[in-house]
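Q: Below is a structure I'd like to ask you about.
The values are calculated or read from the model by the stated rules, or taken from the named source; none is laboratory data. The structure displayed is predicted, hence computed values, not measured ones. For neighbour counting, all protein chains shown are included, and Cβ atoms are generated from backbone atoms with ideal geometry for every residue, glycine included.
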Amino acid sequence: MKKALALLPFLVALFPLAAVADDTLKFRGGIGVLPVASGVGLAATADVVNRNIVRGVQPAGQIWVISALTADVKSDGRIRVDGRGLLLGGGNAIGFNANASVFATLICEAAAPFTERSTNGAGVALEPNGDFRIDDVLFPAPPAVCASPVLLIRNSQPNPAWFAAGIPKLD
């Protein structure tokens with residue numbers, strides 16, 4: 001009995017750590033951007049196009065593809081993103097990285113107004129094969145509950161557009 005009582009504070013101390021370990025928002029897989037969501041017009045031509053705007057963030061001007069993405073976001077805002085093969089999927093520079101640098105933005109709100117929680121806007125340079133790693137902190141920090149998570153990978157320019165999105169692992 002004395003041994004069990006002696007272990008009780010240790011077990012109680014471990015419980016919050018286990019709860020914190022489960023407090024990670026995960027993304028597994030990625031979706032490259034298609035800049036145009038739909039077109040309106042006659043026959044095979046579109047007179048008007050609707051841009052693929054995600055929660056107020058404009059899309060890149062060209063198709064981008066991504067072969068793999070994993071991201072973990074901690075409740076304190078720490079984020080680690082590993083991306084593979086983020087490359088142009090169209091145009092004359094198809095298959096290249098356009099010498100781009102990227103950063104991550106998490107948006108938790110399903111409806112406006114949206115709060116963009118981002119890593120350093122200077123971003124990280126894409127490798128020639130489109131691979132990248134972001135290890136940073138989101139600012140501002142995410143809320144305790146991110147009810148409708150969208151993770152966007154964006155380019156580092158004066159008007160950063162989204163290139164790819166993470167697929168949330170909801171379990």
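Q: Cβ-Cβ below 7 Å, separation at least six or inter-chain, first residue in segment 98-120 and aromatic (Phe, Trp, Tyr), second outside any strand (DSSP E or B): which pairs?
A: Every condition considered, the pairs that remain are Phe103/Thr119; Phe103/Asn120; Phe103/Gly121; Phe103/Gly123; Phe103/Ser156; Phe114/Arg55; Phe114/Gly56.
Q: Right, here's the next one. Looking at Gly95, Gly85, Gly130, Gly123, which is the one that is within 19 Å of Trp64 (Cα to Cα) and surrounded by fewer than 14 Cβ atoms within 10 Å (Cβ to Cβ)?
A: Exactly one residue qualifies, and that residue is Gly95.
Q: Moving to a separate point now. Would you confirm whether or not segment 101-118 contains a residue that is surrounded by 14 or more Cβ atoms within 10 Å (Cβ to Cβ), aliphatic (A, V, I, L, M) and farther than 22 Å from Asp171 by Cβ?
A: Yes, the conditions are met somewhere in segment 101-118.
Q: Next question, about the same structure. Suppose we filter Gly121, Gly90, Gly83, Gly95 for residues that are touching a Lys or Arg at 6+ places or on another chain (Cβ under 8 Å) and modelled with pLDDT of 95 or more; which single one remains?
A: Gly83
Q: Can you find, within segment 57-82, the residue that is surrounded by the most Cβ atoms within 10 Å (Cβ to Cβ) among those that are within 23 Å of Cys146 (Cα to Cα) and of a type in the set (Ser, Thr, Tyr)?
A: The extreme case among them is Thr70.
Q: Has segment 72-90 got any residue that is assigned to a strand (DSSP E or B) and among the hydroxyl-bearing types (Ser, Thr, Tyr)?
A: No, segment 72-90 contains no residue that is assigned to a strand (DSSP E or B) and among the hydroxyl-bearing types (Ser, Thr, Tyr).
Q: Related question: How about segment 97-129: which of its residues are more than 27 Å from Ala144 (Cβ to Cβ) and charged (D, E, K, R)?
A: If the condition is that a residue be more than 27 Å from Ala144 (Cβ to Cβ) and charged (D, E, K, R), then Glu127 is the only one that fits.
Q: Starting from residues that are buried (at least 17 other Cβ atoms within 10 Å of the Cβ) and of a type in the set (Phe, Trp, Tyr), keep the ones in segment 139-171 and report whichever is farthest from Gly56 (Cα to Cα).
A: Looking at residues that are buried (at least 17 other Cβ atoms within 10 Å of the Cβ) and of a type in the set (Phe, Trp, Tyr), I get Phe163.
Q: Let me ask something else. Going by the structure shown, is Ser148 touching a Gly at 6+ places or on another chain (Cβ under 6 Å) and at negative phi?
A: no
Q: Kindly indicate whether Ala37 is exposed (fewer than 13 other Cβ atoms within 10 Å of the Cβ) and within 19 Å of Val150 (Cβ to Cβ).
A: Considered against the rule, which asks whether it is exposed (fewer than 13 other Cβ atoms within 10 Å of the Cβ) and within 19 Å of Val150 (Cβ to Cβ), Ala37 comes out as yes.
Q: Another one. Checking the conditions here, which among Phe132, Phe96 is closer than 15 Å to Phe27 by Cβ and of a type in the set (Phe, Trp, Tyr)?
A: Phe132
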